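The values are calculated or read from the model by the stated rules, or taken from the named source; none is laboratory data. The shown structure was predicted, so the numbers you read here are calculated from the model rather than taken from an experiment. Note that each Cβ is placed from the backbone with ideal geometry, even for glycine, and that neighbours are counted across all protein chains shown. The protein model used for the area step is the full one, side chains on, heavy atoms only, and it has no ligands, DNA or RNA in it. Shrake-Rupley method; radii C 1.70, N 1.55, O 1.52, S 1.80 Å.
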Amino acid sequence: MVFVAIDPVRGADISYTPAYIQIEGVYMVKDSSPLTQNEDVDAAGNEIVVGKGSAYDLYLIREIKRASLLRSANSQAVVDDFMHGIGNVAAGVKQQLESDALRYDGLRMLPGHFMVINQAIGIPKARVNFEKTNAYLSGEIQELKTSGFIAEAMLRHQVQGAKVAE
């Protein structure tokens, strides 16, 4: 099993439990950028740096029509690549970009988010009896959400920028 963002492309091979946590996908630009809102990003000439194969990469492949996507090796490399002159917009999980931005001056997040990322447990559909395993884990996830366990764990570990999925 995997703990992963729900995505329809991955869903071809993975059966998901209900989401247990939601996180936000956001854009980051340099202070000098004329971009001020998420809707400004999908325009000809903009180049969005994303972590290859990430949930937001898969989402943006489907949603971006005019801007270009440039791929970093992984999510952790996005801001470094961006600061080394690749692209004019960085895209990623809010917490990752906020953390990376502490290492550099002159960066800002665009307000809001361009996507909500639902995290779940995934079971490969190729696994024998995956439906039974998924049903069991789905019940456990629901119980952990309903009982407050996930919310309490997030508080205990000081997880910010995420919320218990509805």
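For the stretch 91-106, a residue qualifies if it is of a type in the set (A, V, I, L, M, F, W, C) and touching an Asp or Glu at 6+ places or on another chain (Cβ under 9 Å), and the qualifying residues are 91, 93. You will find that of 66, 108, 103, the residue that is within 30 Å of residue 12 (Cβ to Cβ) and either open to solvent by 50 Å² or more (accessible area, probe 1.4 Å) or at pLDDT below 95 (or both) is 66 and no other.
For the stretch 32-49, does any single residue satisfy the condition of being open to solvent by 50 Å² or more (accessible area, probe 1.4 Å), in a loop (DSSP other than H, G, I, E, B) and free of Cβ contacts under 8 Å to residues at least 12 places away in the same chain?
As a first pass, look at the stretch 32-49 and keep what is open to solvent by 50 Å² or more (accessible area, probe 1.4 Å): 32, 34, 36-37, 39, 44-45, 47.
Then keep just the ones that are in a loop (DSSP other than H, G, I, E, B); that gives 32, 34, 36-37, 44-45.
Next, from what is left, pick out any that are free of Cβ contacts under 8 Å to residues at least 12 places away in the same chain: 34.
There is at least one residue in the stretch 32-49 that is open to solvent by 50 Å² or more (accessible area, probe 1.4 Å), in a loop (DSSP other than H, G, I, E, B) and free of Cβ contacts under 8 Å to residues at least 12 places away in the same chain.
Inclusion of residue 126 among residues that are among the hydrophobic types (A, V, I, L, M, F, W, C), in a loop (DSSP other than H, G, I, E, B) and farther than 26 Å from residue 29 by Cα is warranted. Of everything in the stretch 100-117 that is part of a loop (DSSP other than H, G, I, E, B) and more than 14 Å from the chain's Cα centre (by Cα), the residue that is nearest to residue 162 (Cα to Cα) is 111.
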